[in-house]
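In what follows, a single structure is set out as structure tokens and then discussed.
The values are calculated or read from the model by the stated rules, or taken from the named source; none is laboratory data. Bear in mind that the values here come from a model prediction, so they are computed numbers and not experimental data. Note that each Cβ is placed from the backbone with ideal geometry, even for glycine, and that neighbours are counted across all protein chains shown. Areas reflect the complete protein model, heavy atoms only, side chains present, ligands, DNA and RNA absent. Shrake-Rupley method; radii C 1.70, N 1.55, O 1.52, S 1.80 Å.
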Amino acid sequence: MKKLAIGVLGAAAFGMLAGAASADTLDDVKAKGFLQCGVNTSLAGFSAPNDKGEWMGLDVDFCRAVAAAVFGDGTKVKFTSLSAKDRFTALQSGEVDILSRNTTWTINRDTALGFNFAGVTYYDGQGFMINAKKLPGVNSALQLSGASVCVQSGTTTEMNLADYFSANKMEYNPVVFEKFEEANAAYDAGRCDAYTTDQSGLYAVRLQMAAPDDHVVLPEIISKEPLGPAVRQGDDKWFDIVKWTYFALLNAEEAGITQANVDEMKNSANPDIKRLLGTEAETKIGTDLGLGNDWVVNIIKATGNYGEIFERNVGTGSPLKIARGVNALWTKGGLQYGMPIR
């Protein structure tokens, strides 16, 4: 009887896992009529509500691109603001369909947490910011021994901070906060000598300070932080849609297809552009994904290409004014490379 009970329980557990693995997120998203996207609570340039309460940012626009691919309408998306602590549970539980929340792709998150990362929408690295008026002689993170450092819990940032100070035989006092806003406020109030997070985040935080010009981002990058959208494992169809949305944005930029000229580009005789925009005779690229063959056209109409998304949210056309750097296309010396759509 004991063996029989164990066998029944084992079969039940296997059935539950198999059921989770065969989940069809695309059908669920279509049935409810919108995409549920997990984003940061408020990180300028990546995900934050504007004065009208409308969500804006690079991570936000990526979700709009996925919604456009699925529905032909980039507005059919709802946003769930998530703390660093809560973001993984929200994705695992199905509260959100996609996590697009400045999240670092690591082996632990790929394996132990059961996620699939669709790509790297922003190559980043952890850095430090100080109030130069309070620490006038500090121009390097190597001068921060004995400093108190504001840091957010539930992030890779905590571990990187400990590793950096240990490797350089320096002491420090971590001042840990669960919420991003709490860490920002504490640093601005002078409770910490330094603030650490992804360097892109530091530029965003600096804009929120009472006196932004007093704060300086130090030159050191102490980690690799490849940020990108993640989905649950066990649904390859949904993973493909999110992953190829990312590649479509890059390929469109490389081909010179923009929000302004996408309709004109549908008349192109270039075979690569015809495949990308779904105008090639008897194409099945879109339908093989479970989408319409005009899925890329819909994406670009909704958000523009990757370069346009980058420029208006974090680039030189934004308050952050971050240079493309390693986030430039591979043809321009960067790391962004879209896999071929053919």
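For this structure, a couple of remarks:
- Placing one equal scatterer on every Cα of the stretch 230-273 and applying the Debye formula, the log10 ratio I(q)/I(0) at q = 0.26, 0.30, 0.31 Å⁻¹ is -0.88, -1.03, -1.07.
- Length gained when the stretch T287-K133 is fully extended (0.36 nm per residue, less Cα-Cα span): 49.6 nm
- Distance from the stretch 42-61 to the stretch 144-159 (C-alpha centre basis), Å: 25
- Most mobile listed residue (K224, K332, K32) in the chain, GNM with C-alpha springs under 10 Å: K32
- Based on Cα contacts under 8 Å between residues 6+ apart, the chain shows a relative contact order of 21 percent.
- Sorting the segments 133-142, 239-248 by their residues' average number of neighbouring beta-carbon atoms within 10 angstrom, most packed first, yields 239-248, 133-142.
- In order along the stretch 195-210, the Karplus-derived 3J(HN,Hα) couplings, from 6.51 cos²θ - 1.76 cosθ + 1.60 at θ = phi - 60°, round to 10, 10, 6, 4, 4, 4, x, 5, 4, 5, 5, 4, 5, 8, 6, 4 Hz, and Gly and Pro are given as x.
- In this simple spin-label model, placing a label point 7 Å from the Cα along the Cα-to-Cβ direction at both A185 and Y337 gives a separation of 4.5 nm.
- Gaussian network model of the chain, springs between alpha carbon atoms under 10 Å - residue of R101, R191, R324 with greatest fluctuation: R191
- Local charge for V326 was computed over the other residues whose Cβ lies under 12 Å away, with Lys and Arg +1 and Asp and Glu -1, and equals +1.
- Distance cut-off 18 Å, percentage of C-alpha pairs in the stretch 174-256 lying past it: 60
- Pair K32, S93: separation of 7 Å Cα→Cβ label points (nm): 1.3
- Dipole orientation for the chain: of the candidates F88, V149, L113, L113 has the Cα lying most toward the positive pole (charges on Cβ; Lys, Arg +1; Asp, Glu -1).
- Label-point separation in nm, K237 to D263, each point 7 Å along Cα→Cβ: 3.3
- When the Cα positions of F165, S140, P49 are compared along the charge dipole of the chain, F165 comes out farthest toward the positive end, with charges on each C-beta of Lys, Arg, Asp and Glu.
- Computed over every Cα-Cα pair of the chain and binned at 20 Å starting from 0, the pair-distance distribution P(r) comes out as 29, 52, 18, 1 percent.
- Percent of beta bridges antiparallel (DSSP, the chain, rounded to nearest 5): 55
- Assigned charges on the beta-carbon of Lys, Arg, Asp, Glu; the chain dipole about Cα centre (debye): 400
- Most fluctuating residue given options V29, V120, V96, as computed from a GNM of the chain linking Cα atoms under 10 Å: V29
- Computed on the stretch 124-224, with alpha-carbon pairs under 8 angstrom and 6+ residues apart, the relative contact order is 49 percent.
- Think of each Lys and Arg Cβ as +1 and each Asp and Glu Cβ as -1; about the Cα centre, that makes the dipole of the stretch 124-224 roughly 200 debye.
- Our estimate of slack between D86 and S140, defined as 0.36 nm per intervening residue step minus the Cα-Cα distance, is 16.1 nm.
- Distance between the stretch 170-209 and the stretch 97-111 - C-alpha centres, whole angstrom: 22
- Between D124 and E225, L227, the built amide H atoms are under 5 Å apart, and every one of these is 5 or more places off in sequence or on another chain.
- Each of A31, I300, S200 was scored by the projection of its Cα onto the charge dipole of the chain, and the greatest displacement toward the positive side belongs to A31; charges sit on the C-beta of Lys, Arg, Asp and Glu.
- Stretching D24 away from E178 to a fully extended chain increases their span by 52.1 nm, per 0.36 nm per residue minus the current alpha-carbon distance.
- Taking amide hydrogens as placed 1.01 Å from N in the peptide plane, the amide H of H215 sits under 5 Å from those of A132, each at least 5 positions away in sequence or on another chain.
- Net charge of Cβ neighbours under 10 Å - reference S148; Lys, Arg +1; Asp, Glu -1: 0
- A 1.4 Å probe run over the protein chains yields, for the chain, 46 Å² of accessible area per residue, whole-number rounding.
- Near T80, the amide H atoms lying under 5 Å from its own belong to C37, G38, V39; only residues 5 or more places off or on other chains count, and H is placed 1.01 Å from N.
- Heavy-atom accessible area order for F34, F165, F177, largest first, 1.4 Å probe: F34, F177, F165
- Heavy-atom accessible surface of the stretch 124-224: percent carbon and sulfur, 1.4 Å: 49
- Low-density loop positions, GluC sites (Glu not before Pro), the stretch 251-300 - DSSP coil, at most 16 other Cβ in 10 Å: E280, E282
- Phi angles across the stretch 158-172 convert, under the Karplus curve 6.51 cos²θ - 1.76 cosθ + 1.60 with θ = phi - 60°, into 3J(HN,Hα) values of 4, 5, 4, 4, 4, 4, 5, 5, 5, 5, 9, 6, 10, 9, 7 Hz, Gly and Pro given as x.
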